[in-house]
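Below is one structure, written out as structure tokens; comments come after it.
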Amino acid sequence: MNSIKNIKPVLELKNLQKSFGDNHVLKGFNLKLFEGENLVVMGKSGSGKSVMVKCLVGLIHPDGGSINIKNQDITTMGHKELDLLRTEIGFLFQGSALYDSMTVRENLEFPLRRHKDKIENFQGTEILVKEALENVGLADAIDLMPAELSGGMQRRVALARALILKPKIIMYDEPTTGLDPITAKEIILLMRNIQKKYHTSSLIITHDVDCARVISNRMILLVDGINYAEGTFEELSNSSDPQVQAFFKN
Amino acid sequence: MNKADSILSQTKSFFAEIGDMTFFAGRFFKEASSSPFEFKELLRQCYNMGNRSLLLVSVTGFILGLVFTLQSRPTLMQFGAQSWMASMVSLSIVREIGPVIIALICAGRIGSGIGAELGSMRVTEQIDAMEVSGTNPFKYLVVTRIMATTLMLPLLIIMGDAIALFGSALIENLKGDVSYLLYFNQVFEALKFSDIVPATIKSVFFGFAIGLVGCYKGYYCSKGTVGVGEASNSAVVYISMLLFVIDFIAVFVTDIFI
């Protein structure tokens, strides 16, 4: 990990704050994601994990703090600049968020409509779509509608869509939630393979300990809106702190 | 909270919503006038809204013409004024009844559909997914839908009016032994440019209102599946109310100038 920490982070959060009325969800959260690493942020339901990751992609505007992605502060960016930066970030939504009026092919083509020029050696939409679907093992599902897919298949298609613009950073919001243990394991392995193949930096938001064990290089525990603990899976799982231990029991 | 406070707070939230809708309309004009333009999606929406409303508008228009003529006949006969039937029906349908009834039908068919569709996309994070993929969802979803309703509603109303007049001619032909040629001659004699233009302009505003309110309610939908139902329902209520307000303003303005 020391070698990773010498590299400049691709993503950095400093003192992130967000409240909804009297509910202070994030109270000064800090995070650094380094190139090529898989960083897992764990926390209980309602601890602000999803709010944090939505702040990162500009879906929620934070009340305070800074968000630097590739040396650009997204909190001060205009819409057009932010849209361009977003092409370098893949995002897997908790509920897959596939466009249900479009086929799998159209879902994957959608991000390419305006941003084909972002892809090096662009050889055509069809080739990219097929490659993305092959990566997730769903080449045969290309003309199906999202409603015709199982939950696990939907998650795979959503992952293919997140990868289609060849992003350097991928954010996963609860990638295994709602899936059975076998499908969840398949998704975790798929995420790991994708990271190896494309050398992406991944930020994984989860409360699934198995997911964290398999995929994480480093972990942060988010408790009461702040970084409660930080370290590798082994370090945290062997911690004597009762709050940290609570995550790894069961 | 007593009754007066409750009324005051409801009034406040009503006007706050009107204010938000005005900002929403302002954003529509800003986004609609800047590139990139989503022509393909606009055409798809025009096709969806126009084509899928054809049958409903045709049936409504036809029955409207039939019923209006059947109901008016006895009264006109009492005064020996059956020969005025074509003029009266055509003026009433083209100037007022046709646009309002067909717009109300479209408020239910199109407005609630937009509210439910966008609401469902909002609660299942599909709108967020669009935003994250670097596409402006307002431009792709809202601008295209508002433009489609604004373009398609006048066409649907013109078609609905024509079918209503045909329904009226059919009754006159069956009951009054009036030929179609004579009936439509009287219709075109009665209708003037100053009857058709204000009605068409009014229907453009009706279309804009249907698209705007439907999109506003759906785009800012919250509270999960319950919210989707609320968005769809309240879109129809607001649109219906707004249609009558626009109609009143249009009639008032027309009365001043013509």
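The values are calculated or read from the model by the stated rules, or taken from the named source; none is laboratory data. This structure is a prediction, so every number in the text was calculated from the model and none was measured. Every residue, glycine among them, receives a Cβ derived from its backbone with ideal geometry; neighbour counts consider all protein chains shown.
Here is the figure for segment A:110-124: residues that are more than 11 Å from every other protein chain (Cβ to nearest Cβ) and at pLDDT 80 or above total 1.
Provide a single number: the residues in segment A:95-118 that are out of contact with any Ser or Thr (no Cβ under 8 Å at 6 or more places or on another chain) and closer than 19 Å to A:L138 by Cβ.
Kept after step one, since they are out of contact with any Ser or Thr (no Cβ under 8 Å at 6 or more places or on another chain), are these residues of segment A:95-118: A:96, A:98-99, A:101-108, A:117.
Then drop every residue that is not closer than 19 Å to A:L138 by Cβ, which leaves A:96, A:98-99, A:102-108.
Going through segment A:95-118 one residue at a time, the tally reaches 10.
Please determine, by comparing only the residues of segment A:39-83 that are buried (at least 16 other Cβ atoms within 10 Å of the Cβ), in a loop (DSSP other than H, G, I, E, B) and not hydrophobic (A, V, I, L, M, F, W, C), which one is farthest from the other protein chains (Cβ to nearest Cβ). The extreme case among them is A:S47. Among the residues of segment B:172-196, those identified as assigned to a loop (DSSP other than H, G, I, E, B) and surrounded by 15 or more Cβ atoms within 10 Å (Cβ to Cβ) are B:G176, B:V178, B:L191.
Looking for whichever is out of contact with any Cys (no Cβ under 8 Å at 6 or more places or on another chain), farther than 24 Å from A:S47 by Cβ and of a type in the set (F, W, Y) here; the options are A:Y198, A:Y172. Which one fits?
Numbers: A:Y172 fails: farther than 24 Å from A:S47 by Cβ.
Exactly one residue qualifies, and that residue is A:Y198.
Hey, does segment A:164-181 have a residue that's buried (at least 16 other Cβ atoms within 10 Å of the Cβ) and in a helix (DSSP H, G or I)? Scanning segment A:164-181, I find no residue that is buried (at least 16 other Cβ atoms within 10 Å of the Cβ) and in a helix (DSSP H, G or I), so the answer is no.
Filtering segment B:1-45 to residues that are polar (S, T, N, Q) and more than 18 Å from B:Y238 (Cβ to Cβ) leaves B:N2, B:S6, B:S9, B:S33, B:S34, B:S35, B:Q45. When you check B:G229 against the structure, is it on the phi > 0 side of the Ramachandran plot and out of contact with any Gly (no Cβ under 6 Å at 6 or more places or on another chain), yes or no? Criteria not met by B:G229. Within segment A:97-105, identify whether any single residue is modelled with pLDDT of 90 or more, more than 9 Å from every other protein chain (Cβ to nearest Cβ) and assigned to a helix (DSSP H, G or I), and answer yes or no. Checking segment A:97-105: at least one residue is modelled with pLDDT of 90 or more, more than 9 Å from every other protein chain (Cβ to nearest Cβ) and assigned to a helix (DSSP H, G or I). None of B:I146, B:I102, B:I158 is touching a Ser or Thr at 6+ places or on another chain (Cβ under 9 Å), of a type outside the set (S, T, Y) and either buried (at least 20 other Cβ atoms within 10 Å of the Cβ) or in contact (Cβ under 8 Å) with a residue 60 or more places away in the chain (or both) except B:I102.
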